[in-house]
Amino acid sequence: MIVTLTFNPAVDKTTTADRLIPEKKLRCSPPTLEAGGGGINISKALHELGAESTALFPAGGPNGQVLERLLRDRGIRHVAVPVSGDTRESFTVNEAATNGQYRFILPGGALSEAEIEALFAALAALAPQPTWVIASGSLPPGAPEDLFGRLSAHCRRLGARFIVDTSGAPLQRALEEGVFLLKPNLSELSALAGREYVELQDVEAAAREVIGSGRCPVLIVSMGPAGALAISKEATYRVPAPVVRKQSTVGAGDSMIAGITYMLQRGEPLLTAVRFGVACGTAATMNPGSQLFKKDDAWRLYEWIAAQGS
């Protein structure tokens, strides 16, 4: 079973205005609401692909209730752990005149140590026990930087493969504890390898430094329009990204993780998984707001990517 864990979930609101003009009343289109946050986005993407997952997250206040309702309406299996702080919201404004996108990310409520332990207990109590655990997204204010590292140790005790997609010190601490797969971008890879900057031609060398630590057997470096580079001890694969008309980048990284995990849990090889992950991530950019991707788009782009390497 695949479980996604989101420490800092959100209700995502998206609207459109003709132009963003300071000090003016801006008339906006009716907003769309989506359940958001890294792990929740991954569960939504897996659901679109026809794969089952359980989304685990803290929920508090009126926004927490909205978050649960949105997931129920989508038929996505979830476990919400009650917390005292309010679930955050974020909102995106699309400027119609320029096709620009403005994303406003509000902070979430803090998690107490007892609430963190309740999330870990809920994970351990799931039946059947998870075989894959994916933690994605930011941490709420005041959360300990080693929280993903603690989750890694918890997953090891459960016998689950742990995938992380985050940034900064929490990403470094997760690597120190050990994970199955990381998906850094170029700046995150630079930090993991202890470098100020990594040029495209140096990505593989920097990634192999991280792999050489022995704490992460698979590293998938997201390089935006340049695609992705997948590195394991045995092989390196470069996967191109199709050129599409971009409408939004919201959830593209989470869609990529979902596509990768979808293929890996089916027993497909790493190259197939990364190709499909890039296809899902690219397909997500074709849709406005926080709508992620359509399954047919993802499969069509995957076939194009696979043909480039045949």
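The values are calculated or read from the model by the stated rules, or taken from the named source; none is laboratory data. Since the model is a prediction, treat every value here as computed from it, not as a measurement. Cβ sites come from the backbone with ideal geometry, for glycine too, and all protein chains shown count toward neighbours. Note: accessible area is taken over every heavy atom of the protein model, side chains too, but ligands, DNA and RNA are not part of it. Shrake-Rupley method; radii C 1.70, N 1.55, O 1.52, S 1.80 Å.
Could you order the peptides 117-128, 136-147 from most to least packed, using the average number of other C-beta atoms within 10 Å per residue? Don't skip to the end; give the middle numbers.
Working: 117-128: 14.2, 136-147: 18.2.
The peptides rank, most packed first, as 136-147, 117-128.
Testing the spin-label approximation: label points 7 Å from Cα along Cα→Cβ at Met1 and Ala191. State their distance in nm.
So the label points at Met1 and Ala191 sit 3.3 nm apart.
Within the chain, what whole-number % of the accessible surface is contributed by carbon and sulfur, with the 1.4 Å probe and all protein chains included in the calculation?
Working: 6910 of 13630 Å².
Answer for the chain: carbon and sulfur cover 51 percent of the accessible area.
When the distances between all Cα atoms of region 242-288 are binned every 10 Å from zero, what whole-number percent does each bin get?
Going from the shortest bin to the longest, the percentages are 34, 47, 18, 1.
If packing is taken as the average count of other Cβ atoms within 10 Å, what order do 270-278, 292-300, 56-64, 24-32 fall into, highest mean first? Please report the intermediate quantities before stating the final value.
Details: 270-278: 24.0, 292-300: 17.9, 56-64: 21.6, 24-32: 11.0.
Descending mean neighbour count gives 270-278, 56-64, 292-300, 24-32.
At 0.36 nm per residue, and after removing the present C-alpha to C-alpha distance, how many nm does the segment from Ala235 to Ala110 gain when stretched out fully?
Working: separation 125, 0.36 × 125 = 45.00 nm, distance 4.13 nm.
Length difference between fully extended and current span is 40.9 nm.
Between Gln308 and Glu268, how many nm apart are label points set 7 Å from Cα along the C-beta direction?
Calculated label separation equals 1.6 nm.
Can you work out ³J(HN,Hα) from phi for every residue in region 153-161, in order, using Karplus 6.51 cos²θ - 1.76 cosθ + 1.60 and θ = phi - 60°, giving whole Hz and x for Gly and Pro?
Values per residue, Gly and Pro as x: 5, 5, 5, 4, 5, 7, x, 9, 6 Hz.
Using Cα pairs closer than 8 Å and at least 6 residues apart in sequence, work out the relative contact order for the chain, in percent. Before the final figure, lay out each step's value.
On the way: 677 pairs, mean separation 45.9, N = 310.
Relative contact order, the chain: 15 percent.
Please give the contour-minus-distance gain from Ser29 to Asp296: 0.36 nm per residue of separation, less the Cα-Cα distance, rounded to one decimal in nm. It would help to have the intermediate numbers written out before the result.
Values: separation 267, 0.36 × 267 = 96.12 nm, distance 2.76 nm.
Additional length available on full extension: 93.4 nm.
Within the P(r) computed for region 1-128, what percentage of the Cα pairs occupies the region above 24 Å?
Details: 2855 of 8128 pairs.
Counting pairs separated by more than 24 Å, the tail of P(r) holds 35 percent.
Using alpha-carbon pairs under 8 Å, 6+ residues apart, how would you state the relative contact order of region 222-300 in percent?
Values: 140 pairs, mean separation 23.9, N = 79.
The normalised contact order for region 222-300 reaches 30 percent.
Divide, for region 1-62, the radius of gyration over alpha carbons by 2.2 N^0.38 Å, where N is the residue count. Intermediate results must be reported in sequence, preceding the final value.
Values: Rg = 15.8 Å, N = 62, 2.2 N^0.38 = 10.6 Å.
Ratio of Rg to 2.2 N^0.38 Å for region 1-62: 1.50.
What percent does the relative contact order of region 20-74 come to when contacts are Cα pairs within less than 8 Å and at least six residues apart?
The normalised contact order for region 20-74 reaches 31 percent.
Would you mind giving the average projected area, over all directions, of the Cα convex hull of the chain in nm² with one decimal?
Values: hull surface 64.8 nm².
Mean shadow area of the hull around the Cα atoms is 16.2 nm².
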